[in-house]
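Student: A single structure is presented below for examination.
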C-alpha cells in the first residue's frame, strides 16, 4: 500500500479530525507529527483501553453453564478449542499491532528493550550459554507495548513509512507510516467495542440544520465522561454545542406558546 502522508501541514485524519473546521472545511494545522493534538488525545484514550479490550475479548470464549460438558472418558485429551474464533483472531491482531509498533518506536528512539527475566540453573556455567528466555503471556506483552506507546504517540505519529506486516505475519507486507499505525490502533479499538456490544447510541434530534437546511441533526452518546455532547448535522457536518442547540429549541418553542 502506497503511503498517503499529507504534505500540506494539515491533520492526516482529514474529515475525521477532532479539530475539523466546518466553516473552512479543512482539518487542523499540524507540525511534523501529521496529527493534531485533539486527535492524539483521542488516540491515547483508545490505545490505553486496548488492554482492557484484550481481557474482555477473552471472556467471550469462556464456556457457559448452558453448554454441556463431555463426561465420556477419553484415552487422550484433545487440545482445547475456542468457542468463537472472531474474538481470538482480534486478540491476536491486537497483540501483533501493539508489539510491532512498540518495537519500532523503541528501535527508532533507542529506548530500553523489554525486560526479560532469566532463570539461572545448574546448566548455566558461562555467559556464552545463556538459558532460554521464559515464556511470556500475550496479555503481559500487550500491557508493556501499550505502556510504551501511550505516552509517546506524538513520536509514533512522526515515524517515517516502513515496510511491516500490518495485521499479522500472514498479512501482505505494506508501507505504513506512524500516523497510519495510530489510525490502525483506533480501528482495533472500534472493532473490539463493536464485538463486545459497546457501540454508542445516536439520537435523531428535532430541528433543521442552519448550514444545509436538512432535518439531519444528531447527537452521539458520550464515550467518556469528559466528552461534550455536541449536536451535529449528519449531512454537512455543522456542529453546535449543547447550549446553542437548547437556545435554538427555545426560539422554536417559545413563539408557539399561547398565554394561559
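Student: Inspect region 227-239 for any residue being on the phi < 0 side of the Ramachandran plot and touching a helix residue (DSSP H, G or I) at 6+ places or on another chain (Cβ under 6 Å) and give the result as yes or no.
Tutor: yes
Student: Please determine, by comparing only the residues of region 217-250 that are part of a helix (DSSP H, G or I) and free of Cβ contacts under 8 Å to residues at least 40 places away in the same chain, which one is surrounded by the fewest Cβ atoms within 10 Å (Cβ to Cβ).
Tutor: Taking region 217-250 as the starting set, the residues that turn out to be part of a helix (DSSP H, G or I) are 242-250.
Remaining after also requiring free of Cβ contacts under 8 Å to residues at least 40 places away in the same chain: 242-244, 246-247, 250.
Working: 242: 12, 243: 8, 244: 13, 246: 12, 247: 11, 250: 10.
So, considering only residues that are part of a helix (DSSP H, G or I) and free of Cβ contacts under 8 Å to residues at least 40 places away in the same chain, the one surrounded by the fewest Cβ atoms within 10 Å (Cβ to Cβ) is 243.
Student: Just the residues that are modelled with pLDDT of 80 or more, in a loop (DSSP other than H, G, I, E, B) and farther than 13 Å from residue 22 by Cβ, please, taken from region 200-212.
Tutor: Matches in region 200-212: 205, 206, 207, 208.
Student: Taking residue 181 and the conditions (1) buried (at least 16 other Cβ atoms within 10 Å of the Cβ); (2) in contact with a strand residue (DSSP E or B) (Cβ under 7 Å, 6 or more places away or on another chain); (3) within 30 Å of residue 55 (Cα to Cα), which numbered condition does it fall short on, given that it satisfies the others?
Tutor: (2)
Student: Any idea which of 61, 91, 26 is at pLDDT 80 or above, closer than 28 Å to residue 148 by Cβ and surrounded by 13 or more Cβ atoms within 10 Å (Cβ to Cβ)?
Tutor: The match here is 91.
Student: Now, a different point. For a quick check of your reading of the model, give me the residue pairs whose first member lies in region 125-146 and is modelled with pLDDT of 85 or more, whose second is surrounded by 10 or more Cβ atoms within 10 Å (Cβ to Cβ) and in a loop (DSSP other than H, G, I, E, B), with beta-carbon atoms closer than 8 Å and at least 6 apart or on different chains.
Tutor: Sorted first by the residue in region 125-146, then by its partner, the pairs are 141/114; 144/114.
Student: Are any of the residues in region 163-172 buried (at least 18 other Cβ atoms within 10 Å of the Cβ), within 26 Å of residue 61 (Cα to Cα) and within 20 Å of the chain's Cα centre (by Cα)?
Tutor: Yes, region 163-172 has at least one match.
Student: Here is a check on your reading of the model: is residue 151 surrounded by fewer than 17 Cβ atoms within 10 Å (Cβ to Cβ), at pLDDT 90 or above and farther than 22 Å from residue 90 by Cα?
Tutor: Judged against the criteria, residue 151 is a match.
The values are calculated or read from the model by the stated rules, or taken from the named source; none is laboratory data. Remember, it's a predicted structure, so these values are computed and weren't measured experimentally. Positions of Cβ are backbone-derived with ideal geometry, glycine not excepted, and every protein chain shown enters the neighbour counts.
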